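Have a look at the structure below before the remarks.
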Amino acid sequence: MNGLAWQTSSYSNQGANCVDIAAASDGTILFRESDAPDAVLSIAPGALRGLFAMIKGDRLSGIPW
């Protein structure tokens, strides 16, 4: 994970609970918690767009978490 350009949202208060995001060379989007930078999640751009569309459309309420 070295050499990635990690970015933190401008909405983060630069304290705890910040999420960092980076684009990997294979095209996936990477996420990590700023307090635990070794734990990285990855998602394909299309899947991320689908998740955002579901969130914006309030279509997550029926999913049993």
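The values are calculated or read from the model by the stated rules, or taken from the named source; none is laboratory data. Everything numeric in this text was worked out from a predicted model, so none of it was measured. Cβ sites come from the backbone with ideal geometry, for glycine too, and all protein chains shown count toward neighbours. Quick note on the areas: whole protein, heavy atoms, side chains included, nothing else; ligands and nucleic acids left out. Shrake-Rupley method; radii C 1.70, N 1.55, O 1.52, S 1.80 Å.
Tell me, what % of the accessible area of region 25-65 is carbon and sulfur with a 1.4 angstrom probe? Walk me through the numbers on the way to the answer.
Numbers: 1940 of 3150 Å².
Carbon and sulfur atoms account for 61 percent of the accessible area of region 25-65.
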Taking the 0 to 90 degree range and rounding to the nearest ten, how far is the long axis of helix 45-56 tilted relative to the main principal axis of the chain, both from C-alpha atoms?
50
Give, as a single signed number, the net charge of other residues whose beta carbon lies under 9 Å from the beta carbon of Asn17, with Lys and Arg counted +1 and Asp and Glu -1.
-2
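With n ≥ 4 as the cut-off for DSSP H runs, can you work out [θ] at 222 nm for the chain, using -39500 (n - 2.57) per run divided by the number of residues, rounded to the nearest 500?
Details: 1 runs with 12 residues, N = 65.
Only helices count here, giving -5500 deg cm²/dmol.
When only C-alpha pairs under 8 Å and at least 6 residues apart count, what is the relative contact order of the chain, in percent? It would help to have the intermediate numbers written out before the result.
Numbers: 69 pairs, mean separation 12.5, N = 65.
Computed value for the chain: 19 percent relative contact order.
With the Cα gyration tensor of the chain giving a ≥ b ≥ c as the square roots of its eigenvalues, does the rule (a/c under 1.5 for rounded; else a/b larger than b/c for prolate; else oblate) give rounded, prolate or oblate?
On the way: a/c = 2.10, a/b = 1.40, b/c = 1.50.
Oblate, since a/c reaches 1.5 and b/c is not below a/b.
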Amide H to amide H, which residues 5 or more places from Cys18 or on other chains are under 5 Å from it, using H placed in the peptide plane?
Ser34, Asp35
Quote to one decimal, in nm, the extra length available between Leu51 and Ala24 on full extension: 0.36 nm per residue of separation minus the C-alpha distance between them.
7.8 nm
Region 6-65, accessible area per residue, ligands and nucleic acids excluded (1.4 Å, Å²)
76
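Using +1 on the beta carbon of Lys and Arg, -1 on that of Asp and Glu, and nothing else charged, what's the dipole of the chain about the Cα centre, debye to 20? Walk me through the numbers on the way to the answer.
Working: 4 positive and 6 negative charges, 63 e Å.
The dipole magnitude comes to about 300 debye.
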